[in-house]
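The values are calculated or read from the model by the stated rules, or taken from the named source; none is laboratory data. Nothing here was measured: the structure is a model prediction, and the numbers come from that model. Using ideal geometry, Cβ is built from the backbone for each residue, glycine included, and neighbour counts are taken over all protein chains shown. What goes into the accessible areas is simple: the full protein's heavy atoms, side chains included, and nothing from ligands, DNA or RNA. Shrake-Rupley method; radii C 1.70, N 1.55, O 1.52, S 1.80 Å.
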Amino acid sequence: MSVAAQIMLAVMSVLTLLGLMAVVRRLAPKVGLSGEVQRKLMHVGTGLFAMLLPWIFPDRWPVYMLIGATMIVMLILRLPRFSKGLGAAIHSVERTSYGDFLLALSVGLCLLLAGENTLYYVLPIAVLTLADAAAALAGTTYGTKRYVVEDGDKSLEGSVVFFVVTLLVAIIGFLFLSKLPPSNIMMLCLMVAGFGTLVEAQSWRGFDNLFLPLGLLIFLKVHYHSSLAELAMLAILFFAALVSFGVVGTRLGLSKHTTRVYVVAVFLMLAAAKMQNTVLPILVLAAHGWARTASPCDSKYPDLDIVAALGILGFGWLAVGNATGWDAISFFGLSAMGLAMGLSAMALQGIPVAITLAAAVLFLVRIWAVSLNSDQSNWAEPLTVLSLVTLALTATVPLAFPHVFQKKRVSRLTLLALLLPFTYYIWSIAGDIGARIADGVIS
């Protein structure tokens, strides 16, 4: 297929999305579709189309262009002029949700991270499309036994439907797209259904559209070839972590929902990275708990915000590293170190000696983690100066302007911690690519 044809197909795909919105909005008053049903119809329609993308487009770049254009359209539809009209097909629910953006983003990230393994892409998107919609509609229609999450509630009936649909989708996906032994397939399907149900049940503000497919994709990539005994042990460890975190979380004043979210976050970090590279992100969670008590902020759900920040940082750096071919684990560590430093500084306001000590500990932890990583991961090392400057920046700015971080603390500290590592990463790979081009021209 020619370049022009693929561009035209991408444009027609966006127009088809808008056409589907128009149809849903036209039918809604005639057949009495609620805002939730309208949103789920759009969710299913776009999800089913997304599942076909690897077969529709022979190249990947038109898909990324399509996703970028879709996100721009979603942003425009949030404007007051359109949010009550065409945009109401996805924005007519009362709760705050970023699901439309995160759905488009997760499709692009899944396509990028799945590589050539179709199962890694199709199964997570299929679960997100079918199981999530079935659970939401079953919960709103038949749900009677409800449990509380921070921005609302969900139903036990919806979670059961999610588990069953996910199990069926996983079995069908594995049967058609894998050659594993039946016993391994069944164990993996049960774990995908169980883990996916927990992620969906604990998600908020539409973050399940990001965490669910990417979490399942990472789980599949890491444990696809694990033995039956290894999978059984993993399931036992996950259940044990859920129980133990519940006890510890209660004593720390965390809600049951937040505690379960922490378990999912730590599990994903351990699945996606080597042990040494999870220490700094876990220290971020500890520093947040410290700052939350010593220096409370005005955020409505700060405990969930920090998990969302770590998830976005982790998935973001993983995607950047895969897209460029330059391992970004060191830069993820730098960002986590900076975020932990910023939170520690907020907790230790007025105690310079303690802030310096916290910075020294974080610096040494990063040095230790780097020493255990491979040469491929450490291609940009040593990053000593960048580490020290990042620590200084993330410690001094919150101290100098504490009022700036009283609201939206986590998001602002995350951007501050990301500023220097991301800038240096782009500068480093751009310089190396430029040098290679120059060498090719000279030769």
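For the reader, a short list of remarks on this structure follows.
- Helices (runs of 4 or more DSSP H) completely within region 137-248 that count 2 or more residues being over 23 Å from residue 307 (Cα atoms) and modelled with pLDDT of 80 or more: 156-177, 182-202
- Pairs with Cβ under 7 Å, 6+ apart, first in region 232-248 and farther than 29 Å from residue 183 by Cβ, second modelled with pLDDT of 70 or more: 245/259; 245/262; 245/263; 246/259
- Residue count, region 409-443 (criterion: at pLDDT below 90, open to solvent by 60 Å² or more (accessible area, probe 1.4 Å) and β-branched (Val, Ile, Thr)): 4
- Looking only at region 68-101, and only at residues there that are under 20 Å from the mean Cα position of the chain (by Cα) and open to solvent by less than 20 Å² (accessible area, probe 1.4 Å), the one that is modelled with the highest pLDDT: 74
- Scan region 134-147 for residues that are of a type in the set (A, V, I, L, M) and either farther than 11 Å from residue 166 by Cα or open to solvent by 70 Å² or more (accessible area, probe 1.4 Å) (or both) and the total you get is 3.
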